[in-house]
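Heads up, the thing below is written out as structure tokens.
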Amino acid sequence: MVTDFAIIGGGQGGIPLAHSLASAGKNTVLIEAKDLGGSCVNYGCTPTKAAIASSNLAHRISRAEEYGLEVPEFRVNFKLVIEQASAIARRSREGLDAGFENVPSLTLLRGHARLAGRDEAGLFRILIDGHEPLGARQVILNPGSETIIPDIPGMDAARAIYSENWLNHTELPKHLLVIGSGYIGVEMGQFYRRMGSEVTLVEHGAQILSHEDADVAETIEKFLEREGLLFLKNSKVEKIEWEPTGGARVRLNDRELKASHVFVASGRKGAAENLGLETLGLKADAHGFVPCNKKLETGVPGVWVCGDLRGGPLFTHTSWDDYRILESQILGDKSRTLDRIVPYAIFCDPELGRVGMSEKEARRANRPVRVTGFEFSWNGKANEIRETDGFIKLVADAEDDILLGAAVLGPQASELIHLYVTLMNAKAPYYAIRDAVYIHPTLSEAAQSAVAMFREHRWQKKAV
Ligand SMILES: Cc1cc2nc3c(=O)[nH]c(=O)nc-3n(C[C@H](O)[C@H](O)[C@H](O)COP(=O)(O)OP(=O)(O)OC[C@H]3O[C@@H](n4cnc5c(N)ncnc54)[C@H](O)[C@@H]3O)c2cc1C
């Protein structure tokens, strides 16, 4: 079989790209080893946010009195929470599957794909489990990323919980030990805690969420501690001994702990193993990511990368935007590249929305910076809805009125951050927001007030 384009991996970039190439009349084959939708749909964004909606509601119910409500005792049905999150993911996946039925020029093949050099006609040769070898004029690599199972004595991937298998664990852990306090560790740690588990997070560094400014990360840590999560920082898991009756005895550098379950969230690597990169002279870096230029071209003309495999920000929206870059490079005017502003959110509660540089990044880059902020407790709507935790922190260039970055820690932060995303993409001065008329009472007024604070310079972050 011969095709114009072969896409290896049906992830967040590969699927829309397959449809776009096919509708432009290019013969396109997409090869998926497991489930269409990849990590986002099947075990990442979709089911985690569905499950977090349950745990956040449980938390709201526990605060019902603050709203003048008396709620008779309620019970968490953890198995049902997981089943519902799985069902939402399944519906999403089924929608993607249906999108491949009878589409002209588009073929979906199920099986693991592996590059195997070039055939005698000079086409890229791809071996696919259960299918004839495929010859492709161009190849897009979209295999995503996978959990790194750390090399700790006693670590047993079959017993540990991690992103790829958490939906199979329908029993609520009594005491969950989470290894790693990046965004997955923090989101999932709070989820299990709000469902009723005791949760301990082990972090080898001195700060959780190490990419964030210390004041932002420390505030999130305090919010989570208030709910009973225990953080062990500067701590390292040195050995795990699994008990025959279930559970684990975990030895850290400075103590020993017993946990009923262990959740591994200490990082992800590009899914470059068994891709056959070497048959084309390509090589992944030490983290499994495949180097590429701003156009997503690898060192081999005609072989492109898309999504997590490129390294850099590992998000669904970046993988999806990679599809737009590839579409522009392959079918369009080639203007779209990796020169882009990438926002992201951490879906703890309250949420963190982020865009651009943090204060520490701006200072490290020797930028002349001005920093200001605004507390949600100063915003009317936040008080009315009893969600006053958190703040907005803004970083601007001291020499002009352009925003370098923003952190919104508070209610609806993953939505509010887009005000600043739009401002930064438009390269508009921050007073574009300040001088607009915003609806009252809204949380967006806090975003507006934060910008106005650049004039007033009276933000002093409130202690938690
Ligand atoms: C727990 C968790 C929560 C997350 N939450 C968020 C979030 O809230 N927001 C956000 O933006 N991002 C989130 N992410 C990240 C997001 O899921 C990924 O960044 C995104 O899905 C990456 O898309 P992709 O296109 O690179 O790969 P994927 O979507 O992972 O797809 C890759 C596909 O390739 C297939 N494949 C791999 N190798 C082969 C092969 N050799 N042959 C054939 N098929 C192959 C895989 O089976 C998979 O289906 C989360 C991730 C995790 C793990």
Log entry, pairs with first residue in segment 121-133 being within 15 Å of the ligand (Cβ to nearest atom), second being basic (Lys, Arg), beta carbons closer than 8 Å, six or more apart or on different chains, reads PHE124/ARG118; PHE124/ARG137; ARG125/ARG118; ILE126/ARG114; LEU127/ARG114; ILE128/ARG114; GLY130/ARG110; PRO133/ARG125
Within segment 231-247, residues surrounded by fewer than 17 Cβ atoms within 10 Å (Cβ to Cβ) and within 20 Å of GLY205 (Cα to Cα) come out as LYS233, ASN234, LYS236, GLU238, LYS239
For this session: Please indicate, with yes or no, whether at least one residue in segment 376-395 is polar (S, T, N, Q) and farther than 17 Å from PHE223 by Cα.
Result: yes
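Going by the conditions given, is ILE15 closer than 24 Å to SER197 by Cα and either within 16 Å of the ligand (Cβ to nearest atom) or assigned to a loop (DSSP other than H, G, I, E, B) (or both)? If you could, list the steps in order and put the result at the bottom.
Details: closer than 24 Å to SER197 by Cα: no; either within 16 Å of the ligand (Cβ to nearest atom) or assigned to a loop (DSSP other than H, G, I, E, B) (or both): yes.
So ILE15 fails the test.
Determine whether segment 201-210 contains at least one residue that is within 16 Å of the ligand (Cβ to nearest atom) and either at pLDDT below 95 or outside any strand (DSSP E or B) (or both). Reasoning before the result, please.
Going through segment 201-210, the residues within 16 Å of the ligand (Cβ to nearest atom) turn out to be 201, 209.
Still in the list and also either at pLDDT below 95 or outside any strand (DSSP E or B) (or both): 209.
Checked segment 201-210: at least one residue is within 16 Å of the ligand (Cβ to nearest atom) and either at pLDDT below 95 or outside any strand (DSSP E or B) (or both).
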Determine, yes or no, whether ARG386 is in contact with a helix residue (DSSP H, G or I) (Cβ under 7 Å, 6 or more places away or on another chain) and within 22 Å of PRO441 (Cα to Cα). yes
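Being within 16 Å of the ligand (Cβ to nearest atom) and in a strand (DSSP E or B): is that true of LYS269 here? Give the steps one after another, and end with the answer.
Numbers: within 16 Å of the ligand (Cβ to nearest atom): yes; in a strand (DSSP E or B): yes.
Criteria met by LYS269.
Just the residues that are touching a residue at least 24 places away in the same chain (Cβ under 8 Å) and either surrounded by fewer than 17 Cβ atoms within 10 Å (Cβ to Cβ) or more than 25 Å from TYR183 (Cα to Cα) (or both), please, taken from segment 253-266. Quick ask: steps written out before the conclusion?
Step one: of segment 253-266, the residues touching a residue at least 24 places away in the same chain (Cβ under 8 Å) are 257-266.
Within segment 253-266, just LYS258 meets the criteria.
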Only unsatisfied item for TYR43, checking (1) of a type in the set (Phe, Trp, Tyr); (2) farther than 22 Å from HIS317 by Cα; (3) within 14 Å of the ligand (Cβ to nearest atom), is (2)
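For segment 417-446, how many residues meet the condition of being assigned to a helix (DSSP H, G or I) and without any contact (Cβ under 8 Å) to a residue 60 or more places away in the chain? Steps first, answer last, please.
Initially, segment 417-446 is screened for residues assigned to a helix (DSSP H, G or I), giving 417-425, 431-434, 444-446.
Cutting the leftovers down to without any contact (Cβ under 8 Å) to a residue 60 or more places away in the chain gives us 419, 422-423, 431-434, 444.
Going through segment 417-446 one residue at a time, the tally reaches 8.
Based on this model, can you work out whether LEU257 counts as under 19 Å from HIS175 (Cβ atoms), assigned to a strand (DSSP E or B), in contact with a Leu (Cβ under 8 Å, 6 or more places away or on another chain) and within 16 Å of the ligand (Cβ to nearest atom)?
Numbers: under 19 Å from HIS175 (Cβ atoms): yes; assigned to a strand (DSSP E or B): yes; in contact with a Leu (Cβ under 8 Å, 6 or more places away or on another chain): yes; within 16 Å of the ligand (Cβ to nearest atom): no.
Considered against the rule, which asks whether it is under 19 Å from HIS175 (Cβ atoms), assigned to a strand (DSSP E or B), in contact with a Leu (Cβ under 8 Å, 6 or more places away or on another chain) and within 16 Å of the ligand (Cβ to nearest atom), LEU257 comes out as no.
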| query | Would a scan of segment 98-114 turn up a residue that is in contact (Cβ under 8 Å) with a residue 24 or more places away in the chain, under 22 Å from PHE191 (Cβ atoms) and within 16 Å of the ligand (Cβ to nearest atom)? | reply | no
Of the candidates PRO313, PRO368, PRO343, the one satisfying the condition of being closer than 29 Å to TYR192 by Cα and out of contact with any helix residue (DSSP H, G or I) (no Cβ under 8 Å at 6 or more places or on another chain) is PRO313
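Look at GLY228 and say whether it is modelled with pLDDT of 95 or more, small (Gly, Ala, Ser) and either under 30 Å from GLU273 (Cα atoms) or away from the ligand (no atom under 16 Å from the Cβ) (or both).
Values: modelled with pLDDT of 95 or more: yes; small (Gly, Ala, Ser): yes; either under 30 Å from GLU273 (Cα atoms) or away from the ligand (no atom under 16 Å from the Cβ) (or both): yes.
Yes: the conditions hold for GLY228.
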Test LYS295 against the stated conditions and say whether it is in contact (Cβ under 8 Å) with a residue 40 or more places away in the chain and farther than 23 Å from LEU167 by Cβ. yes
Across segment 183-200, the tally of residues that are closer than 14 Å to GLU227 by Cα, within 15 Å of the ligand (Cβ to nearest atom) and of a type in the set (A, V, I, L, M, F, W, C) stands at 3
Those residues of segment 305-337 which are more than 14 Å from the ligand (Cβ to nearest atom) and in contact (Cβ under 8 Å) with a residue 40 or more places away in the chain amount to GLU327, ILE330, LEU331, THR337
Restricting segment 357-378 to residues that are charged (D, E, K, R) and outside any helix (DSSP H, G or I), the one surrounded by the fewest Cβ atoms within 10 Å (Cβ to Cβ) turns out to be ARG370
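Scanning segment 390-405 for residues that are among the charged types (D, E, K, R) and not in a strand (DSSP E or B), which turns out nearest to GLU445 (Cα to Cα)?
The first filter runs over segment 390-405 and keeps only residues among the charged types (D, E, K, R), leaving 393, 397, 399-401.
Cutting the leftovers down to not in a strand (DSSP E or B) gives us 399-401.
Values: GLU399: 26, ASP400: 23, ASP401: 19 Å.
Of everything passing the filter in segment 390-405, ASP401 is nearest to GLU445 (Cα to Cα).
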Quiz item: Hey, any hits in segment 379-389 for a residue that's of a type in the set (D, E, K, R), within 13 Å of the ligand (Cβ to nearest atom) and part of a helix (DSSP H, G or I)?
Solution: no
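Quick one: would you say ASN293 is part of a loop (DSSP other than H, G, I, E, B), away from the ligand (no atom under 16 Å from the Cβ), under 26 Å from PHE191 (Cα atoms) and polar (S, T, N, Q)? Outline the logic, then answer.
Details: part of a loop (DSSP other than H, G, I, E, B): yes; away from the ligand (no atom under 16 Å from the Cβ): yes; under 26 Å from PHE191 (Cα atoms): no; polar (S, T, N, Q): yes.
Criteria not met by ASN293.
So which strands (runs of 3 or more DSSP E) stay within segment 78-149 end to end and still have 1 or more residues that are small (Gly, Ala, Ser)?
Counting at least 1 such residues, we get 113-118, 134-141, 145-147.
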Flagged pairs (Cβ under 6 angstrom, 6 or more apart or on separate chains; first in segment 181-196, surrounded by fewer than 23 Cβ atoms within 10 Å (Cβ to Cβ); second acidic (Asp, Glu)) are ARG193/GLU227
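The values are calculated or read from the model by the stated rules, or taken from the named source; none is laboratory data. Keep in mind that what you see is a predicted model, and the values were worked out from it rather than measured. Neighbour counts are summed over all protein chains in view; Cβ atoms, including those assigned to glycine, are modelled from backbone coordinates with ideal geometry.
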